[in-house]
Amino acid sequence: MILRLQRRHVDLLRQEAENVQPVEACAMLFGKLSNREAVVEKVEITPNKLQSAVKFEIDPAKVAAAFTEAEEDGLEFVGLFHSHPAPAAPSSIDLKGMKLWGDALWIILSSTEGNLAAYQLTDDTVKEATIRIE
Ligand SMILES: [Zn+2]
């Protein structure tokens, strides 16, 4: 899977992660999807309801509103973003969450190492996606 992000999306995500540190930042990503590629067109910053440095939860009302708005814009749900004060790999909590979100991409920013990585659960296996910033 290839995940295409625009530079301004990445800047927005990094900015949010910096603003809310040490709390995990989160966002929902929308755009166009195919089997091989996800093209992000919109980043919706969604506050971490738990205000936690180790886990995140997005207010279900915010999730519903973001889905409705994206649908009106003709965009599909691409995935979830959050930041980690640790390496950009899914935590055990994330792995449980991934099972609930189907084939959504999980984009993780390491606030300690600064790198961004994306993962997708396919057939019970976590696979890393290739991120292209353009
Ligand atoms: Zn996590």
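Just a few scattered comments:
- For the range 59-84, the set of residues classified as within 16 Å of the ligand (Cβ to nearest atom) and surrounded by fewer than 16 Cβ atoms within 10 Å (Cβ to Cβ) is empty.
- Among the residues making up the range 1-32, those that are assigned to a strand (DSSP E or B) and surrounded by 18 or more Cβ atoms within 10 Å (Cβ to Cβ) are Leu3, Arg4, Leu5, Cys26, Ala27, Met28, Leu29, Phe30, Gly31.
- Cross-chain or 6+ apart pairs with Cβ under 7 Å, the range 53-68 first and modelled with pLDDT of 95 or more, then more than 16 Å from the ligand (Cβ to nearest atom): Ala66/Glu44; Phe67/Phe77
- When residues of the range 85-125 are limited to those that are among the charged types (D, E, K, R) and not in a loop (DSSP other than H, G, I, E, B), the one surrounded by the most Cβ atoms within 10 Å (Cβ to Cβ): Asp94
The values are calculated or read from the model by the stated rules, or taken from the named source; none is laboratory data. Owing to the predicted nature of the structure, the values given are computational and were not obtained by experimental measurement. Cβ sites come from the backbone with ideal geometry, for glycine too, and all protein chains shown count toward neighbours.
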